[in-house]
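Down below is the structure, laid out as structure tokens.
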Amino acid sequence: MKINLAGIRQEYTKGGLRESELPDNPLLLFDRWLQEAIDAKVNEPTAVIVSTVSADGKPSTRTVLLKGLSDGKFIFYTNYDSRKGKQLAHNPFISLSFVWHELERQVHIEGKATKVSPKESDEYFRQRPYKSRIGARISPQSQPIANRMQLMRRFVQEAARW
Ligand SMILES: Cc1cc2nc3c(=O)[nH]c(=O)nc-3n(C[C@H](O)[C@H](O)[C@H](O)COP(=O)(O)O)c2cc1C
């Protein structure tokens, strides 16, 4: 590697984190920080890195978008047949990491994943843009596809149905 990675550094100047200033309930602080990330127009403020573990104990990560927060539950939507979906069905332990670089802040959350109700899933699905709904129906998430043309063909066929 030609780039001097060790030499890349920045000063963190945005202020500290004082225990005395933190609310007892960390979710209140999360709400505030998320709102501040949105207000600061950071890129993808709701993006969160999701870690899951395979049946043989190997971790993997990917980014999803937070789509709800209720009673301390962080809600995202994905394909149950995706790699993460299958891993969570086998082992529900999960961790989430939000990173708002522009604000020099990060939040890590560990817990157990559960499925939202079918009603809640359907409500979310219905409010997605038309093309996103078609895309979700036709793309076999985490599976290899033959080529882009095959996916586009499926898109056109599925769009014609609806
Ligand atoms: C900014 C961003 C947002 C994403 N949001 C989602 C999402 O909300 N749900 C989802 O299933 N995949 C989302 N993806 C795609 C995932 O990162 C991932 O590639 C996909 O879900 C397959 O992951 P898996 O094979 O590990 O299950 C997003 C990707 C990016 C870059």
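The values are calculated or read from the model by the stated rules, or taken from the named source; none is laboratory data. Quantities reported herein were computed from a predicted structural model and do not represent experimental measurements. All Cβ positions, glycine included, derive from the backbone under ideal geometry; neighbour counts span all protein chains shown.
Descriptive notes on the structure:
- Close contacts from the range 56-82, counting a first residue that is more than 15 Å from Ile94 (Cα to Cα) and of a type outside the set (Ser, Thr, Tyr) and a second that is at pLDDT below 95 and within 8 Å of the ligand (Cβ to nearest atom), with Cβ to Cβ under 6 Å and a gap of 6+ residues or different chains, come to Asn79/Gln141.
- Residue, nearest to the chain's Cα centre (by Cα), within the range 28-75, restricted to residues that are of a type in the set (S, T, N, Q) and surrounded by 13 or more Cβ atoms within 10 Å (Cβ to Cβ): Thr46
- Meets criteria (aromatic (Phe, Trp, Tyr) and surrounded by fewer than 13 Cβ atoms within 10 Å (Cβ to Cβ)) for Tyr124: no
Here is a yes/no grid of residues against (1) outside any helix (DSSP H, G or I); (2) modelled with pLDDT of 95 or more; (3) more than 30 Å from Leu29 (Cα to Cα); (4) in the same structural domain as Phe30 (by TED's automatic domain parsing):
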site: Asp56; (1), (2), (3), (4): yes, yes, yes, yes
site: Thr63; (1), (2), (3), (4): yes, yes, no, yes
site: Tyr80; (1), (2), (3), (4): yes, yes, yes, yes
site: Gly85; (1), (2), (3), (4): no, yes, no, yes
site: Leu96; (1), (2), (3), (4): yes, yes, no, yes
site: His108; (1), (2), (3), (4): yes, yes, no, yes
site: Gly111; (1), (2), (3), (4): yes, yes, no, yes
site: Ser132; (1), (2), (3), (4): no, yes, yes, no
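- Yes/no for Ser70 being under 26 Å from Lys119 (Cα atoms), more than 13 Å from the ligand (Cβ to nearest atom) and modelled with pLDDT under 95: yes
- Only a single item in (1) more than 18 Å from the chain's Cα centre (by Cα); (2) surrounded by 13 or more Cβ atoms within 10 Å (Cβ to Cβ) is not met by Ile8, and it is number (2).
- Selected residue (criterion: surrounded by the most Cβ atoms within 10 Å (Cβ to Cβ)) from residues of the range 76-112 that are of a type in the set (Gly, Ala, Ser) and over 13 Å from the mean Cα position of the chain (by Cα): Ser82
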